[in-house]
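**Q** Below you'll find the structure I mean.
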Amino acid sequence: PFARTRWFHAFWLRFMTPIVAWFALNITFLIWHVPDAYNLALESEGWHDFEHFCFFVAALFFWQFVVLPWPARRRWNWGTILYLVAADAINTVLSAFLALCDRPIYAYYLEHPNPFNVGLLKDQVLGAAAMWVLGSIAFLIPAVVISMLLLQPERPLSVPTAS
């Protein structure tokens with residue numbers, strides 16, 4: 001019901017643009033990887049739930065411009081590819097930083113037991129590698145598919161004939 005209000009609809013049309021959605025996703029992603037925020041989310045179940053709520057809402061905003069849910073009137077264009085590749089660049093920079101850093105970044109892991117007996121730096125590298133690979137797959141596969149669709153020649157619409 002809230003989403004059907006005039007106020008919400010006006011807000012949505014004015015502020016939910018691809019650039020706002022792109023920034024919402026990437027700023028959310030980066031903020032929750034700041035060590036204090038990350039540690040807070042691990043220390044508190046409520047903050048951890050809020051962190052995932054932020055990721056979920058930001059992802060919904062971001063992906064609506066790629067998935068184009070019904071009754072979307074927009075079409076993909078080369079800007080969609082830039083949108084996806086630029087988001088992957090943010091994921092890559094953060095993941096590379098975490099993977100290539102020479103010390104553990106998150107204090108939580110220094111202060112709590114390690115149930116799998118994996119070295120702290122090795123654990124950070126493995127997590128960063130997973131985030132890097134899976135994140136890139138999530139952004140780049142749609143970018144490749146949409147690129148292939150954009151490169152196909154347009155077919156003229158066929159008009160059904162009466163028989």
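**Q** Could you pull out every one of the helices (runs of 4 or more DSSP H) wholly within region 1-78 that has 1 or more residues that are open to solvent by 100 Å² or more (accessible area, probe 1.4 Å) and basic (Lys, Arg)?
**A** 6-15
**Q** Tally the residues that are under 21 Å from Ala41 (Cβ atoms), assigned to a helix (DSSP H, G or I) and of a type in the set (Ser, Thr, Tyr), restricting the search to region 79-135.
**A** Residues flagged as under 21 Å from Ala41 (Cβ atoms), assigned to a helix (DSSP H, G or I) and of a type in the set (Ser, Thr, Tyr) within region 79-135 amount to 3.
The values are calculated or read from the model by the stated rules, or taken from the named source; none is laboratory data. These numbers come from a predicted model, not from an experiment. A quick note on method: Cβ atoms are made from the backbone with ideal geometry, for glycine too, and the neighbour counts reach across all protein chains shown. Remember, those area values only see protein heavy atoms, side chains included, never the ligands or the DNA or RNA. Shrake-Rupley method; radii C 1.70, N 1.55, O 1.52, S 1.80 Å.
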